[in-house]
Amino acid sequence: MAAPILAVADLHTAYGLSRVLFGVSLEVAAGECVCLLGRNGVGKTTTMRSIMGLTTPARGRITWRGADITGWPAYRVAQAGLGFVPEDRRIFADLTVWENLDVAAKQRSRLAPRTGHPRPEPASPSPLQWTGERVFDLFPRLRDLAGRQGGFLSGGEQQMLTIARTLMGNPELLLLDEPSEGLAPLVVDHLRDQIAQLKREGLTILLAEQNTEFSLALADRVYVLEKGAIRFSGPAARLRDDETLRHDLLAL
């Protein structure tokens, strides 16, 4: 594996007195799709939130392109090149599809470096420069719905909009938290194809999922979480090809 651009080491996170993560460590290299697999409640979302600066770890280290970003506020993490698609989507229900995208574009241009935090070494210019037209090419359905308010979209359409809005920030690493949750099987298939297209274009992806089939179709490598700790790490192909191991790890 190439040198990682994201490295998480010995991460411990708690909500009050309730400990959730117990020494989680993982790495993501440029261009990879890495999946956090596991049943609901094992710590996948908390891992993503800790990386993104939305939940402060009690212990451990998060390194992005060689810089320690542990404890950075979420806006600084986003500015450094990480984009987060949360499980609950959080679109602006009263704004149209186009307005949701436009807000993200304006926020991107408004963000300016602030002092007080070391900054990662600048990456090479990314070929993935996202515009409204480009996200409409990836999600043609959103082009048809550009004038519709977000609150009137279906669950699948809202998920597409959430990903598209995050892409408008031109992230180098896309964190996707349970993107297939609650979607119809046909919509899940379309979404898998669209994420695969992002991967083919070179975007680095960290995916948290409990849908094993969806995840293994996309992932290069997998980490399986159980009770807040990593139980397995390795190539996705190993889980795809070994039904016994898959059943042992995920009770499937």
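Points worth noting:
- Region 159-203: proportion of alpha-carbon pairs further apart than 17 angstrom, %: 29
- Where labels lie 7 Å past Cα in the beta-carbon direction, separation of ASP88 and SER18 in nm: 1.3
- Beta bridges per DSSP with both ends in the chain, % antiparallel, nearest 5: 55
- Neighbour net charge for ALA251 - beta-carbon separation under 14 angstrom, K R +1, D E -1: +1
- Most mobile of ARG148, ARG65, ARG221 in a GNM of the chain (Cα contacts under 10 Å): ARG148
- Among SER25, SER18, the ranking by other beta carbons within 10 Å of each residue's beta carbon, starting with the fewest, stands as SER18, SER25.
- Under 19 Å from the Cα of LYS227 - lysines, other chains or at least 8 residues apart: LYS44
- Relative contact order for the chain, counting Cα pairs under 8 Å that sit 6 or more residues apart, in percent: 28
- Size of electric dipole in region 52-110: Cβ of Lys, Arg +1 and of Asp, Glu -1, about Cα centre, debye, nearest 20: 340
- Secondary-structure-derived ellipticity at 222 nm for the chain, considering helices only, amounts to -10000 deg cm²/dmol, per-run term -39500 (n - 2.57) for DSSP H runs with n ≥ 4.
- Only Lys, Arg, Asp and Glu carry charge here, each on its Cβ (+1 for the first two, -1 for the last two); on that basis the chain has a dipole of about 780 debye about its Cα centre.
- In straight-distance terms, cross-link reach from LYS199 covers every one of the aspartates and glutamates whose alpha-carbon lies under 18 Å from its own, apart from those fewer than eight places away in the same chain; here that gives GLU27, GLU32, ASP137, GLU172, ASP177, GLU178, ASP189, GLU209, GLU213, ASP220.
- Charge-dipole axis of region 117-252 as Lys and Arg at +1 and Asp and Glu at -1 on Cβ define it, positive-most pick from HIS190, LEU245, LEU145: LEU145
- With eigenvalues of the C-alpha gyration tensor scaled by 5 and rooted, region 14-97, Å: 21, 18, 15
- Taking amide H as placed 1.01 Å from N in the peptide plane, ILE69 has its amide H under 5 Å from the amide H of ILE62, THR63, TRP64, each at least 5 places away in sequence or on another chain.
- A simple packing score, the average count of other Cβ atoms within 10 Å per residue, orders the peptides 181-194, 199-212, 3-16 as 199-212, 3-16, 181-194, with the highest score first.
- Each Lys or Arg adds one and each Asp or Glu subtracts one; over the other residues with Cβ under 11 Å from the Cβ of ALA9, this totals -1.
Read the figures in this text as sums done on the coordinates, not as results from a lab. On a predicted model such as this, the values are computed, not experimentally measured, just so you know. Virtual Cβ from ideal backbone geometry, glycine too; neighbours counted across all protein chains shown.
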